[in-house]
Amino acid sequence: MKSSDRNVVPMKINVVPMKIGWIIPSTFGAVLAGTLVAFGRLSPTAQGTIWAEDGAVFLQDALSRRGLLDVFAPYQGYLHVVPRAMTKFVVRFFSIDDFAIAVSSLSCLLITLIALMVFHCSRALTTNVLIRLAWASITIFVAPGALETQGNFANIHWYLLWLVPWLLIKPTQSKYEGFLLFVVAALASLTEILTVMFVPLFLYRFKDKALLPARLGLLVGITCQIITTLSYPRSAPFAPVNVASVAEGWFLNSSSAVIFGTSRQISRNILNFGVLPVVLAALPFFLAFLYLLLKGSMRIRVAALSFVAASVGVWTAAAVFNFSDTFDYSEFGVTQWGAFLLGRYSTVPSMFLLALVPLLAVLWEKTSPKATTGVLAAFLVLQCLYFFPSSAFRQEGPLWATGVATARVACIADPGMTEYPIGTAPGAWKVQVHCNDLRP
């Protein structure tokens, strides 16, 4: 026995380096592949166009104020730490001509890293790699994502919001993992104030110290957000809310967005068939939710409730705080339905609702492997069906590099000119660039 024990020891010692040697390149390969796939969803014009706050707010501030602490500057009532930090990185390490491509590619890298964290944290629900990959893939493949939210820093907060519940249900197994979950949760909550809606998840295994790091990180960020919003209130006015439109809007921007994929298809269905297509699109998710509550373990029930509550909560908060005629669906006529758009408010409600499908696979993975395979196959088809969006908000430009070239010519031609406005999308947004940064 002693001789055999001595023979086993060296084999155990060699296991760890072999695992590390395999994990590092595979992780790097997965991140690279995910980034390329996410970047590939954007048209070439969208890849080269600066979108919304990325230009007139984050890029403008990064060009004007070079201090590191400026990442904590408030905007519209709350903090945007990750977009501001990433924009400063772009300004510091990239040529001004390449700002748009840098923002698009780095935001796709961030989305892929978020997908990787979802894959890691989903181990709390299952060890099945295929099911965990399905959840992770939602981050990159969800149908409305490439319309507006994918490929820019301005909307990365939505993806961080999607990540937060995964962080909160993952027990830490080491100090290093605990530190990672703490930092990521803190960054997420320092970027998106709506992460406060996940505080009720603290009740899940309340006394479990292994869940404490992410909860502490979330509280740090939420505290900073509350102080910020009290000190620098949001300036955007609030419009009266039509409750019926908010309720109808959730169906349009979650289940209908997933099943029909495009704004035009949804509006056509409603104009041709009324409410029936919207109800039919929601029915599979409603039935899946009920089945999970009835048949699932406590862990699965908590996940199902969290996903649906998050889907409804995110949409409701977004619609209520930004309500306008665009969201007054119950009052729409033919003209308004013709202008109906899915956008940034559609992405996360769709993601959380879609997360119910792999959860069904978890429920069946031990009792019915065939059913699990069927669910994942259907999920894969649905994910790939709308990979390329028919119309994205940035596909008309203007191209940032072209604007920089025009600005450079103007600044060189007029030595007295101090700055030049470069256009971004949407059309009214511009970045004032100093001519000293453009002249040779």
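The values are calculated or read from the model by the stated rules, or taken from the named source; none is laboratory data. Remember, it's a predicted structure, so these values are computed and weren't measured experimentally. In this analysis, Cβ positions are derived from the backbone assuming ideal geometry, glycine residues included, and neighbour counts consider all displayed protein chains.
Can you pull out the residues in the range 248-267 that are of a type in the set (D, E, K, R) and modelled with pLDDT under 95? Show your work before the answer.
Going through the range 248-267, the residues of a type in the set (D, E, K, R) turn out to be 248, 264.
Listed by number, the list holds a single entry, Arg264.
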Within the range 389-407, which residues are surrounded by fewer than 19 Cβ atoms within 10 Å (Cβ to Cβ), farther than 13 Å from Pro44 by Cβ and more than 28 Å from the chain's Cα centre (by Cα)?
Ala405, Thr406
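Being in contact (Cβ under 8 Å) with a residue 12 or more places away in the chain, in contact with a Lys or Arg (Cβ under 9 Å, 6 or more places away or on another chain), surrounded by 24 or more Cβ atoms within 10 Å (Cβ to Cβ) and within 29 Å of Ser263 (Cβ to Cβ): is that true of Ala146 here?
Details: in contact (Cβ under 8 Å) with a residue 12 or more places away in the chain: yes; in contact with a Lys or Arg (Cβ under 9 Å, 6 or more places away or on another chain): yes; surrounded by 24 or more Cβ atoms within 10 Å (Cβ to Cβ): yes; within 29 Å of Ser263 (Cβ to Cβ): yes.
Yes, satisfied.
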Quick check on my filter: what residues within the range 422-431 are without any contact (Cβ under 8 Å) to a residue 60 or more places away in the chain and part of a loop (DSSP other than H, G, I, E, B)?
Gly427, Ala428
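Does the range 408-422 hold any residues that are under 36 Å from the mean Cα position of the chain (by Cα) and either surrounded by fewer than 21 Cβ atoms within 10 Å (Cβ to Cβ) or of a type in the set (D, E, K, R) (or both), and which are they?
Of everything in the range 408-422, those that are under 36 Å from the mean Cα position of the chain (by Cα) and either surrounded by fewer than 21 Cβ atoms within 10 Å (Cβ to Cβ) or of a type in the set (D, E, K, R) (or both) turn out to be Arg408, Glu419, Pro421.
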Filtering the range 370-421 for residues that are assigned to a loop (DSSP other than H, G, I, E, B), among the aromatic types (Phe, Trp, Tyr) and in contact with a Leu (Cβ under 8 Å, 6 or more places away or on another chain) leaves a count of 1
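Only one residue in Ser122, Ser104, Ser137 is touching a Gly at 6+ places or on another chain (Cβ under 7 Å), of a type in the set (Gly, Ala, Ser), surrounded by 18 or more Cβ atoms within 10 Å (Cβ to Cβ) and at pLDDT 95 or above, so which one is that? Walk me through it before giving the result.
Numbers: Ser122 fails: touching a Gly at 6+ places or on another chain (Cβ under 7 Å); Ser137 fails: touching a Gly at 6+ places or on another chain (Cβ under 7 Å).
Exactly one of Ser122, Ser104, Ser137 is touching a Gly at 6+ places or on another chain (Cβ under 7 Å), of a type in the set (Gly, Ala, Ser), surrounded by 18 or more Cβ atoms within 10 Å (Cβ to Cβ) and at pLDDT 95 or above, namely Ser104.
Among the listed residues Ala303, Ala310, Ala318, which satisfies the condition of being farther than 23 Å from Gly343 by Cα, under 20 Å from the mean Cα position of the chain (by Cα) and in contact (Cβ under 8 Å) with a residue 12 or more places away in the chain? Lay out the reasoning, then the answer.
Working: Ala310 fails: farther than 23 Å from Gly343 by Cα; Ala318 fails: farther than 23 Å from Gly343 by Cα.
Matching residue, one of Ala303, Ala310, Ala318: Ala303.
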Looking at the structure I just gave you, is Val199 without any contact (Cβ under 8 Å) to a residue 24 or more places away in the chain, touching a helix residue (DSSP H, G or I) at 6+ places or on another chain (Cβ under 8 Å) and within 30 Å of Ala143 (Cα to Cα)?
yes
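One line per residue, one yes/no per condition, for (1) free of Cβ contacts under 8 Å to residues at least 12 places away in the same chain; (2) surrounded by 20 or more Cβ atoms within 10 Å (Cβ to Cβ); (3) in contact with a helix residue (DSSP H, G or I) (Cβ under 8 Å, 6 or more places away or on another chain):
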residue	(1), (2), (3)
Ala247	yes, no, no
Ser256	no, yes, yes
Ile259	no, yes, yes
Thr262	no, no, no
Ile266	no, yes, yes
Gly274	yes, no, no
Pro277	no, no, yes
Leu283	yes, no, no
Ala288	no, no, yes
Looking only at the range 16-37, decide whether some residue is at pLDDT 95 or above, within 18 Å of the chain's Cα centre (by Cα) and either surrounded by 20 or more Cβ atoms within 10 Å (Cβ to Cβ) or not in a helix (DSSP H, G or I) (or both).
yes
Given the range 64-183, what helices (runs of 4 or more DSSP H) lie entirely inside it while holding 1 or more residues that are touching a helix residue (DSSP H, G or I) at 6+ places or on another chain (Cβ under 7 Å) and among the aromatic types (Phe, Trp, Tyr)?
99-121, 129-141, 156-169
Suppose the filter is closer than 20 Å to Ala281 by Cα and surrounded by fewer than 21 Cβ atoms within 10 Å (Cβ to Cβ); does Leu353 pass it?
no
